[in-house]
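A.B. asks: One structure coming up, written as structure tokens, with questions to follow.
The values are calculated or read from the model by the stated rules, or taken from the named source; none is laboratory data. The structure displayed is predicted, hence computed values, not measured ones. Heavy atoms of the whole protein, side chains included, go into the accessibility calculation; ligands, DNA and RNA do not. Shrake-Rupley method; radii C 1.70, N 1.55, O 1.52, S 1.80 Å.
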Amino acid sequence: MNLTENFESLVDTFTKNTAKICGILFNIDDQIFFRKPTQDGWCVAEIIEHLLISDRTGLFAIVRKSQPTERNPLEIMGLLEERSSTKNLKIEAPEAAMPKGIFKTKEEAIDAWKSNRENVLKKVNPDNIWMLAAGFEHPKLGMLTTAEWMLFMCWHSEHHLPQIERCI
């Protein structure tokens, strides 16, 4: 495995995913951004808050503690690919990842999410990306490598795209 090539590919995937989601969000009308599709459904602002909470957890895991791993550093990818192929997959968010309605403007929500993504990119490098990000254990997936956290963030935002589309 050429780790340098894989590192560049992973950073490119992460960067393109961030740009894609931001492009969609910027094109949503401000009023629609805060309108709930149903009484119990999340509005776009709440979905972005949920993604931000989750992504901040990943950043926390990455910066807090890294350690070598004996396993394939992309082992979790099979599970994410399986989840991607499952139509209408519904996974209950942990209480800590539930949105609280913190954003007052669309710009504030997008800037917070995008800024966190930029911070992730500042903290990753070819030396730590294949290591276990042992600062925090994902509540459903367990201990992830830095690369897996980044790929999870991409998968997670893609997973919520249909939910965003139902709002607009």
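A.B. asks: How many percent of the accessible area of the chain is carbon or sulfur, using a 1.4 Å probe?
C.D. replies: Looking at the chain in its full context, I get 51 percent from C and S.
A.B. asks: Return one whole number: the accessible area per residue of the chain in Å², for a 1.4 Å probe.
C.D. replies: 54
A.B. asks: Related question: Calculate the radius of gyration of the Cα atoms of the chain to one decimal place, then report Dmax, the largest Cα-Cα distance, as a whole number, both in Å.
C.D. replies: Both quantities, over Cα of the chain: 15.9, 49 Å.
A.B. asks: Another question about this same structure. Using the alpha-carbon atoms, what tilt in degrees (0 to 90, nearest 10) does helix 44-64 show relative to the longest principal axis of the chain?
C.D. replies: It works out to around 20 degrees.
A.B. asks: If you fit an axis through the alpha-carbon atoms of helix 106-123 and take the longest principal axis of the Cα set of the chain, what angle between them do you get, 0 to 90°, nearest 10?
C.D. replies: With rounding to tens, the tilt is 0 degrees.
A.B. asks: Right, next: For region 129-140, take each phi angle, set θ = phi - 60°, evaluate the Karplus expression 6.51 cos²θ - 1.76 cosθ + 1.60, and give the result in whole Hz per residue in order, putting x for glycine and proline.
C.D. replies: 5, 8, 8, 5, 8, 8, x, 6, 9, 4, x, 10
A.B. asks: Using modelled amide H (1.01 Å from N, peptide plane; none on Pro or chain starts), what sits under 5 Å from the amide H of Thr145, excluding residues fewer than 5 places away?
C.D. replies: Amide H neighbours of Thr145, under 5 Å, 5+ apart: Ala133.
A.B. asks: Could you list which residues have their amide H under 5 Å from that of Ser66, counting only those 5 or more apart in sequence or on another chain, with H placed in the peptide plane?
C.D. replies: Amide H neighbours of Ser66, under 5 Å, 5+ apart: Ala134.
A.B. asks: Continuing with the same structure: Take the residue pairs Lys90/Lys140; Lys20/Lys122; Lys114/Lys140 and return only those whose Cα atoms are more than 22 Å apart.
C.D. replies: Lys114/Lys140, as the Cα separations exceed 22 Å there.
A.B. asks: Give me a comma-separated list of calculated 3J(HN,Hα) values for region 66-79, in order, Karplus coefficients 6.51, -1.76, 1.60 applied at θ = phi - 60°, integers in Hz, x for any Gly or Pro.
C.D. replies: 10, 8, x, 10, 7, 8, 4, x, 10, 4, 6, 4, x, 5
A.B. asks: Please give the helix 3-26 orientation as an angle from the longest Cα principal axis of the chain, in degrees from 0 to 90, rounded to the nearest 10.
C.D. replies: The two axes meet at around 0 degrees.
A.B. asks: Taking Cα pairs under 8 Å and at least six residues apart, what relative contact order does the chain come out at, in percent?
C.D. replies: With pairs under 8 Å counted, the relative contact order is 39 percent.
A.B. asks: Note down, for region 61-127, the three equivalent ellipsoid semi-axes (square root of 5 times each alpha carbon gyration tensor eigenvalue), biggest first, whole angstrom.
C.D. replies: Square roots of five times the eigenvalues give 26, 22, 12 Å.
A.B. asks: Between region 16-31 and region 107-168, what is the separation of their alpha carbon centroids in Å?
C.D. replies: 16
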